[in-house]
Amino acid sequence: MLLGSKAVVFYALFQGEQEAGVQKEVLKEPTYVEELLTLFRSNLGKEELLEKISDYHESDIADAMEQMTPEERKKLYPLLGEEYIAEILSYTEDAAEYLQEINLENAARVISEMDSDDAVDVLENLDADTKTRIVNLLDDDAEKDVKLILSYEDDEIGSKMTTNFIVIGKNLNIRQATHELIRQAGENDNISTIYVVDENEQYYGAIDLKDLIVARDYQDLDDLISTSYPYVGAHEKISECIERLKDYAEDSIPVLSEEGKILGVITAYDIVEAVDEEMGEDYAKLAGLTAEEDLEETTFQSMKKRLPWLIILLFLGMVVSSVVGIFETVVAVIPIVMCFQSLILDMAGNVGTQSLAVTIRVLMDENLKRKDKFGLILKEMRIGFANGLFLGIMAFVFIGLYVCFIKGNALSYSFLISGCVGVSLMLAMVISSLVGTTIPLLFHKIKVDPAVASGPLITTVNDLVAVVTYYGLVWLFMIELLKI
């Protein structure tokens, strides 16, 4: 198969010797999708069509099918056959949409040809009634595999595994192991790593395909087996072992039952997909949502996800407003200070959110020590102080000039105001860096997902800090000490 057209656009060929007159040539982006559309819309017979499209990658075929009308696809499906359709649909965003264009029996046959994890993904996008009917129509092996994966919760590793893998017994010799590999490769194409079980069908280790290929008949199979090859439990939480999976960087890793038997494997593609989902969930939590949203959700469903945090933040906002009310004397005596309240609050919130994002990223390292956490807090505070000092000086100069020349106040009075703003900004940024770092660390310590220490929560806490810092300084210096 040729590689797909999406990944790379070649910009230029190597430039030769100028004196030889060799010109730099530019390759155009391949037009595989257009070529495929032309083939699909021609009147070629089944054999001729399959021969011509065999040189194209399934991803490009899927892209071409997406640009066809439902009527065109319905004519194409019988020509491609269930097995080929299954391969192509694994590259589409929503395979369920295309399966609904064919009858239920054919849809079940297509899903039976898919890898079990892909089949589950497709079934999850169908309505409950259609899903149940199709599962009942699957062949015995596919039904067993699909039901196994569906039995796990969405946040468990078992829900992401595939049953497409090669397994052999540890007591085979090299020749027998090779024959067993060849036999199983007809049904399972995930062959880069061969898994080994003992006499009790329990996981024993793994063999790299290359090692088996180059092995000699006189060698002992046990010499090829890596008995310390990593594995994960089917009931392990994805969020808890995703970093471990990434660190191993293997093509696939076995998923074991509680009894130590291989139930399936999680592939590199599954890991990338899981990381993407985890990032999406963390992003949702940082936005103050309880889960990700999509375009298909009803208004009520979206409200249920957003409302809990908003209620909490409402009461926290009331606390902030109450604190502002405590300083109403300051506002009454020096009303101009109200103009710069939002500046202090916004900068404190921004700094806190930055520290939060950095801390959550650092906490992904499961080997993080107490010393490292303390170092992170000090580093974020240093950064907050340095940035706060720089921005505080800028605020002191420009706000002082603004209050003096635009608002028409005395120079000394103007720079007293801007001095309070500058110092408050620096202190608020230092404290906000501390808050944005310590809150997720605290959540992590008590075994709560630190991402729930979300942006809105950090921002609201920092608003409270900034208000107290700002109005407290104005009251202390300008009213109590200078008696303005």
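Structure data summary
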quantity: Segment I312-R175, length gained on full extension (0.36 nm per residue, minus Cα span); calculated: 42.7 nm
quantity: Net lengthening on full extension, I484/V331 (0.36 nm per residue, minus Cα-Cα); calculated: 53.8 nm
quantity: Inverse mean reciprocal Cα-Cα distance (Kirkwood Rh) of segment 386-484, Å; calculated: 14.9 Å
quantity: Whole-Å distance, taken between Cα centres, linking segment 196-226 and segment 414-447; calculated: 58 Å
quantity: DSSP beta bridges in the chain [antiparallel fraction, %, rounded to 5]; calculated: 70 percent
quantity: Where segment 110-212 is the region considered: accessible area per residue in Å², 1.4 Å probe; calculated: 50 Å²
quantity: Where S59, S322, S414 fall by accessible area, highest first, once all protein chains stay in place (1.4 Å); calculated: S322, S59, S414
quantity: DSSP beta bridges in segment 166-268 [antiparallel fraction, %, rounded to 5]; calculated: 65 percent
quantity: Residue-level accessible surface for E199, protein heavy atoms, 1.4 Å, Å²; calculated: 120 Å²
quantity: Accessible-area composition of the chain, carbon plus sulfur, in percent [1.4 Å probe]; calculated: 56 percent
quantity: Pairs beyond 31 Å (Cα-Cα), from K246/K369; K46/K160; K261/K371; K379/K445; K74/K147; calculated: K46/K160; K261/K371
quantity: Cα gyration tensor of the chain - equivalent ellipsoid semi-axes, whole Å, descending; calculated: 58, 29, 26
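The values are calculated or read from the model by the stated rules, or taken from the named source; none is laboratory data. Everything numeric in this text was worked out from a predicted model, so none of it was measured. Heavy atoms of the whole protein, side chains included, go into the accessibility calculation; ligands, DNA and RNA do not. Shrake-Rupley method; radii C 1.70, N 1.55, O 1.52, S 1.80 Å.
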